[in-house]
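What follows is a short report on a single structure.
Nothing in this text is a laboratory measurement; each read-out follows from the coordinates by a stated rule. Note that the structure is predicted; figures quoted are calculated from it, not measured. So basically every Cβ, Gly included, is an ideal-geometry build from the backbone, and we count neighbours across all protein chains shown.
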Amino acid sequence: MAQIVLQDVDKIYAGGVKAVDALSLEIRDGEFMVLVGPSGCGKSTALRMIAGLEDISGGTVSIGERVVNDLAPKDRDIAMVFQNYALYPHMTVEDNLAFGLKLRGTPKPEIKKRVADAAKMLGLEPYLKRKPAALSGGQRQRVAMGRAIVREPQAFLMDEPLSNLDAKLRVSMRASLNQLHERLGVTTVYVTHDQVEAMTLGDRVCVLRDGKLQQVDTPQRLFDAPVNLFVAGFIGSPSMNFVTAKLERDGVSFAGFKLPVPADVFETKPGLSGYAGKEIILGIRPSDFEDAAHAKPDWALIDVTSTVTEELGSEINVIFAIDAPPVEHKDTLALAKDATEGEEEETAIPLLDNKALWTARVNARSRVRPGQSLELAIDTHSMHFFDPESGLAIGHPDTPRV
Amino acid sequence: MTSHTDLIPAAASGSNASHGARRGKRRDKPNPLLGLSHVALAFWALLVVVPLIWTFLDAFKGAGEITGGNPWALPHSWHFDAFTRAWSKAHIGQYLLNTAFVVAVSTFFTMLLGSMAAYVLARFQFVGNRFIYLLFVSGMTFPVFLALVPLFGVVKQLGMLNSYVGLVLVYVAYSLPFTVFFMAAFFKTLPTTVAEAAMIDGCGHTRTFFRIMLPMAKPGLISIAIFNVIGQWNQYLLPLVLLAGKPDKWMITQGVANISVSAGADSDWPALFAALSIAIIPVIIVYIIFQRQIQSGLTAGAVK
């Protein structure tokens with residue numbers, strides 16, 4: 001086991017595309033680090049540079065205390081799990097597992113023991129004599145995991161290992177992955193574009209965008225204190241609601257509403273009071289809304305008319321329009337582009353009268369129906385404030401003071 | 001899709017008769033194109049099979065029967081002596097062994113060098129990659145006849161005339177272009193991540209190639225190996241030029257030709273057909289053994 005340190009790592013492809021831009025990241029010994037971001041953000045490239053499958057254009061990568069920039073993948077003592085499993089089709093499951101050990105000259109009894117242990121851990125014992133073609137997707141995925149485990153490497157690198165599985169299997173594999181990491185305690189770097197995977201698996205999560213590091217923190221901190229509009233919009237589902245608002249000493253006003261800003265919010269966000277009288281971008285998480293009938297009495301209230309309700313059983317997502325245009329910041333636009341998978345033309349629904357659609361997550365006992373008016377309560381302590389120019393969170397400890 | 005499959009049984013259970021009728025209707029309307037293609041295939045099969053059978057049958061006929069009144073008839077009585085004559089008098093047995101040896105060696109080297117070159121050209125980016133690939137491919141457009149005279153000169157200068165080393169080298173050289181062209185295309189279809197997994201597991205480039213990529217390319221290798229075996233087995237012009245001086249080293253094609261050429265009008269036709277049969281059978285056996293391997297896709301299960 002070892003820590004992995006990336007120091008100002010660049011990746012510039014032929015043709016000048018900068019896939020990874022001055023990425024510095026310290027992955028601690030035994031940590032489960034998730035790299036997350038929209039497609040094309042450079043997360044896979046970063047992982048492949050750690051693995052040695054891509055040349056490093058600038059900066060250094062070290063595993064343990066060793067700088068590995070010029071080491072071949074086989075000499076880096078890492079194991080990788082690929083999105084498409086990449087099993088050796090002409091070998092049995094047993095040979096697939098043992099291959100890496102045989103190449104390293106591990107004694108035969110030791111190989112046998114390790115393969116047996118891994119097979120037991122992953123429930124692969126009945127399939128050891130089969131070839132990959134005779135396995136289901138989930139089983140192949142477990143063989144790929146096993147191939148990494150038997151090596152007992154310094155670190156596991158995983159490139160979207162669950163994205164080819166169906167939804168149900170993905171959830172159970174996610175739990176197994178968590179258990180495995182608990183048990184083995186091996187440093188793991190895990191790439192995914194699925195923010196639920198990132199939140200549930202990671203000790204810490206690193207959000208990347210256009211090859212640049214946005215924020216590294218624990219999942220809860222990312223959710224509670226995103227460093228900028230991009231992270232705020234990317235983490236959390238449904239994503240955070242944004243609006244351009246005017247901040248005053250006694251509250252924040254937007255779209256005909258005025259919400260009080262508690263005094264302790266000004267205290268915990270140094271610099272926020274400097275924005276009084278100016279425009280800011282306000283962010284409210286859907287989970288910080290509640291049907292007024294079920295909310296705490298001290299929450300601020302607003303009246304809205306629901307457009308659509310999504311009843312999920314345990315809660316209801318209420319989608320409503322507010323009387324303000326959607327926020328057009330480069331960060332929010334980037335998120336919208338990612339949501340439509342890069343096709344700029346196809347934004348989900350043409351917006352009515354250029355009004356922003358917000359989502360509120362309310363208690364399943366709420367009687368809200370589409371088209372009805374609803375009194376919503378807002379937890380004003382959890383509001384997020386962003387600078388309209390830079391998109392940075394105001395008063396966040398990681399952002400420079402204005 | 002799911003709603004579709006749910007609906008059909010519900011509709012069918014109500015009216016079994018209409019279901020049967022619908023199926024009957026489908027059988028009444030055969031696809032005319034499918035029928036045509038089957039006629040064409042049957043015709044083609046006849047074109048290939050009839051001469052083969054005729055060759056085998058003629059090997060068992062008496063001398064007069066082949067050139068006599070009814071060449072298409074079955075043998076009056078079955079003679080086996082033509083095979084004996086071909087084997088011992090015309091030395092077909094010796095030539096068969098010679099050819100098997102030369103073709104085995106040259107096919108081995110063709111496959112080894114061809115697949116190695118193809119792998120590098122298909123998988124690695126480097127300056128000149130395209131040029132080298134095109135150089136190989138242009139070799140396919142080069143007619144053997146044009147090169148015969150200079151080729152003879154070169155081989156002679158190298159002191160390899162009338163030697164198997166010379167012949168094998170020339171065979172390999174002529175077989176490489178198509179082998180590289182075919183295998184490069186094949187390697188491009190194989191998943192790159194499997195090679196990357198091998199690199200991480202501890203393989204260098206050489207081991208990745210021989211332990212992982214080559215086994216994965218088995219269907220392609222076998223197809224092109226059959227192609228090369230047939231091509232080199234049937235080669236007549238090159239051994240005629242390169243082995244002319246040493247009749248004991250001849251290839252089987254030269255032996256067969258010799259039977260018909262040497263005796264002129266008094267040719268031993270049954271022995272010629274017997275020799276031809278002996279030449280054909282090994283190729284068919286090679287094909288039968290390996291063609292099963294082609295069909296089994298080997299990348300199945302490697303990736304999602």
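In table form, for the structure just shown:
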| item | result |
| --- | --- |
| Distance-filtered residues of region B:134-153 - backbone nitrogen under 16 Å, label point 7 angstrom along residue B:244 Cα→Cβ | B:145-153 |
| Modelled FRET efficiency - R0 56 Å, residue A:308 with residue B:173, Cβ distances, 0.05 increments | 0.20 |
| Per-selection Kirkwood Rh - region A:169-247 (Cα, Å, 1 d.p.) | 13.9 |
| Fewest-first ranking of A:39, B:163, B:115, using other Cβ atoms within 10 Å as the exposure measure | A:39, B:163, B:115 |
| Likely footprinting exposure, B:205, B:38, A:181, fewest C-beta neighbours within 10 Å first | B:38, B:205, A:181 |
| On Cα atoms only, tilt of A:167-184 relative to the major axis of chain A in degrees | 60 |
| Acute angle (nearest 10 degrees) that the helix A:137-150 long axis makes with the longest principal axis of chain A, alpha-carbon atoms | 60 |
| Per principal axis, descending, Cα span of region A:33-122 in whole Å | 42, 29, 25 |
| Share of pairwise Cα separations in region B:112-231, more than 19 Å, in percent | 55 |
| Distance histogram in 10 Å bins (all Cα pairs of chain A, percent per bin) | 5, 20, 26, 22, 15, 9, 3, 0 |
| Local electrostatic count at residue A:190 - Lys and Arg +1, Asp and Glu -1, tallied over other residues with Cβ under 9 Å | -3 |
| Residue-count net charge about residue A:66 - beta-carbon cut-off 13 Å; Lys, Arg +1, Asp, Glu -1 | -3 |
| Within straight-line cross-link reach of residue A:43, lysines at Cα separation under 19 Å, skipping those fewer than 8 residues along the same chain | A:11, A:18, A:212, A:337 |
| Most mobile of A:150, A:207, A:34 in a GNM of chain A (Cα contacts under 10 Å) | A:150 |
| Kyte-Doolittle at least 0.5, axis length at least 27 Å by Cα - qualifying DSSP helices, chain B | B:32-58, B:92-123, B:164-189, B:269-295 |
| Pairwise centroid distance, computed over Cα atoms, of region A:14-56 with region A:201-279, Å | 26 |
| Highest average packing first - B:116-122, A:44-50, Cβ atoms within 10 Å | A:44-50, B:116-122 |
| Ascending count of other beta-carbon atoms within 10 Å, so fewest first, for A:60, A:92 | A:60, A:92 |
| Net charge of Cβ neighbours under 14 Å - reference residue B:214; Lys, Arg +1; Asp, Glu -1 | +4 |
| Whole-Å distance, taken between Cα centres, linking region B:205-258 and region B:173-194 | 17 |
| Inverse mean reciprocal Cα-Cα distance (Kirkwood Rh) of the protein assembly as shown, Å | 32.1 |
| At R0 = 56 Å, FRET efficiency that the Cβ-Cβ distance of residue A:102 and residue B:158 yields, to 0.05 | 0.80 |
| Dipole in debye (nearest 20) - chain A, about Cα centre, beta carbon charges: Lys, Arg +1; Asp, Glu -1 | 1900 |
| Convex hull of region B:81-303 built on C-alpha atoms - directionally averaged projected area, nm² | 14.7 |
| Relative contact order %, chain A, counting alpha carbon pairs below 8 Å whose residues are six or more apart | 16 |
